[in-house]
Structure formats: structure tokens, C-alpha cells
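For reference, the structure is listed below as C-alpha cells.
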Amino acid sequence: MWALRSAGESSTRKNMILGLLALALSAELLASLAVWHGTPTDWPGEGLRLWRYEALRLGYWSLCCVVVATGLAIWNQVGGWGFSNGRTLALGFTVALGVEALTSILFWGSLTVSQVGYLGWPDLQYYIIDHLICWATSVAGLGLVAWVLLRRSQSQNGQ
């Protein structure tokens, strides 16, 4: 359990968790940028702002992350289950994918019909698929970059 881990192992685990959280947040922002269609040319009012909608979406994303992190922490403390690195990575990706899908559903539900129409997303299914494809592509690309940088750093340090 947590108390039995050495200080070095705990520090490495925290760094890994923070790195994965930064990767997930970066992928979230890149996916939102990719699916943003901008203000339509026939929009009658003030232009739509990406960051206004992204702030709303990030609020839902943060809520989902806190709920999932709390659930996983309780699951780990109560059950004391450990995972191998491969299982942890697979579980982490699955959980992150679930957070993205749930965030998309909550975000979509908060928009008005006119907002949805003007933002260019014809229905919830289209929006979720569009966002998840962009998100998965962002995770893969950013993860590859992080892996290359980590390997380069390790080879320079002689590890």
C-alpha cells in the first residue's frame, strides 16, 4: 500500500501521474481546438469565442477527473490492488477515454439548440466521435513526443 513504498518510488510515481495529467490536459485542449469550427459567417451577434466554450468544457473535465481520481484512490486503498505497468497504462487510457466521453456528454447537454447548430455539430454522436478521434490522435502524438524526449534524457544521463 502507499505507506510501504519508498520515498524514491513515491516520487517517481507522483512525477508519472503529473506527467500523465499534463498529457491528458494537453490532449483535451488540442482536441477542442481541432473540432472548433469558429463563428459562422452568418452569425448575427458577437462572435463565438473558443475559450468561453473551452472554459465550460474544462470545468466538466476537471469535475470528471476529480470523481475518477477519488474513485481510483478509494479502490486502491480498500482493495489494495496493484497493477503491473502494462495494466496500469491500459487502465489509465481506458479511464481517460471514459473521462473524455463523459465530459463530451455533459458539455453537449449544457449547450442550447442554437449554440449546437451554430457551432456546427449536428448531433451528440457526431460531436463525441469527432472529439474522441481528435483526442486519441493528440494523446498518441503527444505521448510519442514525451516518450522520445524521455528516452533522449535517459540516454544523456547514462541510464
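Every number here is computed from the coordinates shown, using simple stated rules; none is lab data. If you're wondering where the values come from, they're calculated on a predicted model, not measured in any experiment. A quick note on method: Cβ atoms are made from the backbone with ideal geometry, for glycine too, and the neighbour counts reach across all protein chains shown.
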(request) Calculate, in nm to one decimal, what L144 and Q77 gain on full extension: separation in residues at 0.36 nm each, minus their alpha carbon distance. (result) 21.0 nm
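Going by how many other Cβ atoms sit within 10 Å of their own, how do V99, V113 line up, fewest first?
On the way: V99 22, V113 7.
Ascending Cβ contact count within 10 Å gives the list V113, V99.
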